[in-house]
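Chemist: Below is one structure. I have some questions about it.
The values are calculated or read from the model by the stated rules, or taken from the named source; none is laboratory data. These numbers come from a predicted model, not from an experiment. Note that we place each Cβ from the backbone using ideal geometry, even for glycine, and neighbour counts take in every protein chain shown. Note: accessible area is taken over every heavy atom of the protein model, side chains too, but ligands, DNA and RNA are not part of it. Shrake-Rupley method; radii C 1.70, N 1.55, O 1.52, S 1.80 Å.
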Amino acid sequence: MRKYWFKPKQFWRWFAAYYPVTKEGWITTIGAIAAIVYIAVGADAESHSISDTFFRMAPGVIVVLLIFDIISFRTGEYPAWWKKYHESR
């Protein structure tokens, strides 16, 4: 049996948010949060306004969240409600 790092939590009808359930999942989550904080602090140190900070940090945060999403989907349990949806079609 496969050891999942993340488990899905359903919200709305088809959407899933993954939460960590193992040590590896927590390390990945904390690493993603640390990377976002590092990007935000670096962007804020070089900017002069809130909008400047946002535009400097947005690309880096998007990349970190995309990588985190791919990792959590690949190492997480497949949502059961998606299986039901695909079987009914």
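Chemist: Here are S88, S47: which of them is open to solvent by less than 30 Å² (accessible area, probe 1.4 Å) and modelled with pLDDT under 90? Talk me through it step by step, then tell me what you get.
Modeler: On the way: S88 fails: open to solvent by less than 30 Å² (accessible area, probe 1.4 Å).
Exactly one residue qualifies, and that residue is S47.
Chemist: Are any residues in the stretch 50-79 charged (D, E, K, R) and open to solvent by 70 Å² or more (accessible area, probe 1.4 Å), and if so, which ones? Steps first, please.
Modeler: Pass one, the stretch 50-79, residues charged (D, E, K, R): 52, 56, 69, 74, 77.
Across the stretch 50-79, the qualifying residues are R56, D69, R74.
Chemist: May I pose another question? Can you tell me which residues in the stretch 20-30 are within 18 Å of K9 (Cα to Cα) and open to solvent by 100 Å² or more (accessible area, probe 1.4 Å)?
Modeler: Passing the criteria: only W26.
Chemist: Related question: Quick check: anything in the stretch 31-43 touching an Asp or Glu at 6+ places or on another chain (Cβ under 9 Å), open to solvent by less than 80 Å² (accessible area, probe 1.4 Å) and in contact (Cβ under 8 Å) with a residue 12 or more places away in the chain? Can you show your working first?
Modeler: Of the stretch 31-43, the ones touching an Asp or Glu at 6+ places or on another chain (Cβ under 9 Å) are 43.
Adding the requirement that they be open to solvent by less than 80 Å² (accessible area, probe 1.4 Å) leaves 43.
Of the ones still in play, those that are also in contact (Cβ under 8 Å) with a residue 12 or more places away in the chain are 43.
Checked the stretch 31-43: at least one residue is touching an Asp or Glu at 6+ places or on another chain (Cβ under 9 Å), open to solvent by less than 80 Å² (accessible area, probe 1.4 Å) and in contact (Cβ under 8 Å) with a residue 12 or more places away in the chain.
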